[in-house]
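The values are calculated or read from the model by the stated rules, or taken from the named source; none is laboratory data. Quick caveat, the model's predicted, so the values are computed rather than measured. Cβ placement follows ideal geometry from the backbone for every residue including glycine, while neighbour counts extend to all protein chains displayed.
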């Protein structure tokens with residue numbers, strides 16, 4: 001078997017990759033991260049509830065246990081809802097044309113459907129079949145206008161295009177039975193508003209990864225700028241940068257984020273992007289500073305200075321490319337920290353705002369439901385999601401650290 005460590009044709013990055021492949025735990029962590037990214041990109045296409053923010057719920061089925069099944073009737077909203085293309089739907093969802101009502105039983109009575117609402121014993125509700133099934137012309141829905149006419153078991157009405165149309169009661173009932181009586185299964189149960197917990201967990205993956213990416217980009221940029229300036233120039237520049245880093249380091253991350261939120265007088269995902277990113281740049285700057293100080297003393301850097309290269313060229317062509325490995329490692333670790341920090345902010349109500357689902361906000365809902373019936377899964381599933389993704393990034397970071405450390409390759 002070929003020993004790649006003795007083959008001089010292999011680049012250092014390729015050697016690091018081959019070493020990383022041997023670390024099964026790190027590969028597992030990387031696979032989980034990759035799967036999370038795929039789930040995040042597919043978004044609404046794989047969510048059982050593809051409405052914006054997975055917000056299609058019914059209070060009658062709140063806090064139902066995993067595996068819960070229920071029959072529902074769908075009632076047409078009778079408002080024009082545009083059909084979105086695949087790309088738009090993947091990122092923003094598709095608003096439903098129907099309202100849902102969970103039911104225990106139903107039957108026809110003339111032009112009405114009579115249902116017993118789920119969870120409310122002997123509570124009967126009546127719905128007009130034509131309103132529930134047909135796309136009626138908007139003017140017909142205004143007060144003082146007749147919605148349709150019934151002549152000899154045939155309904156005469158104007159459709160949403162304003163054209164005259166007819167349908168028999170038998171056809172109307174058949175359409176209702178085939179298309180408007182559905183059964184839904186909630187694999188992970190429902191939350192306190194009767195929404196699908198699995199769909200909201202999937203959407204929460206996108207929120208967590210988005211926060212992580214934004215935090216890493218901001219922290220890496222600031223860390224590279226301040227760390228490289230401090231490490232390369234030294235002197236008073238190093239003193240000032242280190243003082244600034246020490247002051248920032250002394251402030252607890254959660255307090256810094258709260259301060260930024262208060263200063264911006266706003267709460268939401270964009271504030272979370274900035275707040276988490278600005279609270280994590282010091283770690284990157286310290287690593288970059290140490291690496292730059294070590295590399296600038298190397299012979300090839302002295303040779304570059306002897307050839308008359310400017311500080312800009314030496315920094316960007318000779319020093320920064322050589323700190324890629326440690327930078328990737330610290331960025332991966334910061335990704336995991338950003339997910340935890342965002343979850344904590346959402347729990348406190350300082351990050352993503354309802355109805356947008358976030359793992360931290362979902363745990364807060366579960367926390368408020370502690371002691372009530374069927375509340376364990378409200379905390380268990382978002383908590384597991386946070387633990388699994390953070391652990392995946394941590395083992396991935398450890399694997400990358402070992403792979404880029406020549407002393408650890410055996």
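Points worth noting:
- Exactly one residue among 339, 319, 323 is farther than 30 Å from residue 257 by Cβ and either in the same structural domain as residue 392 (by TED's automatic domain parsing) or in contact (Cβ under 8 Å) with a residue 12 or more places away in the chain (or both), and that residue is 319.
- The residue that is modelled with the highest pLDDT, among those in the range 54-79 that are assigned to a loop (DSSP other than H, G, I, E, B) and over 28 Å from the mean Cα position of the chain (by Cα), is 77.
- Qualifying residue in the range 107-114 (condition: buried (at least 16 other Cβ atoms within 10 Å of the Cβ) and under 23 Å from the mean Cα position of the chain (by Cα)): no
Listed here are the residues, each with its yes/no results for (1) over 25 Å from the mean Cα position of the chain (by Cα); (2) closer than 23 Å to residue 331 by Cα; (3) modelled with pLDDT of 90 or more; (4) surrounded by 21 or more Cβ atoms within 10 Å (Cβ to Cβ).
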{"site": "371", "(1), (2), (3), (4)": "yes, no, no, no"}
{"site": "375", "(1), (2), (3), (4)": "no, no, no, no"}
{"site": "378", "(1), (2), (3), (4)": "no, no, yes, yes"}
{"site": "387", "(1), (2), (3), (4)": "no, yes, yes, no"}
{"site": "393", "(1), (2), (3), (4)": "no, yes, yes, yes"}
{"site": "398", "(1), (2), (3), (4)": "no, yes, no, no"}
{"site": "401", "(1), (2), (3), (4)": "yes, yes, no, no"}
{"site": "404", "(1), (2), (3), (4)": "yes, yes, no, yes"}
{"site": "409", "(1), (2), (3), (4)": "yes, yes, no, no"}
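- Flag if residue 289 is out of contact with any strand residue (DSSP E or B) (no Cβ under 6 Å at 6 or more places or on another chain), surrounded by 13 or more Cβ atoms within 10 Å (Cβ to Cβ), over 23 Å from residue 389 (Cα atoms) and modelled with pLDDT of 85 or more: yes
- Residues in the range 124-143 that are in a loop (DSSP other than H, G, I, E, B) and under 38 Å from the mean Cα position of the chain (by Cα) were compared, and the one that is modelled with the lowest pLDDT is 135.
- Residue within the range 316-326 that is buried (at least 19 other Cβ atoms within 10 Å of the Cβ) and under 20 Å from residue 226 (Cα atoms) present: yes
- Boolean, residue 307 is in the same structural domain as residue 280 (by TED's automatic domain parsing) and either within 24 Å of the chain's Cα centre (by Cα) or modelled with pLDDT of 85 or more (or both): no
- Failed criterion for residue 67 (all others in (1) assigned by TED's automatic domain parsing to the domain that holds residue 130; (2) crowded, with 16+ Cβ neighbours inside 10 Å hold): (2)
- Strands (runs of 3 or more DSSP E) wholly inside the range 145-230 containing at least 3 residues that are surrounded by fewer than 22 Cβ atoms within 10 Å (Cβ to Cβ) and within 36 Å of the chain's Cα centre (by Cα): 181-186
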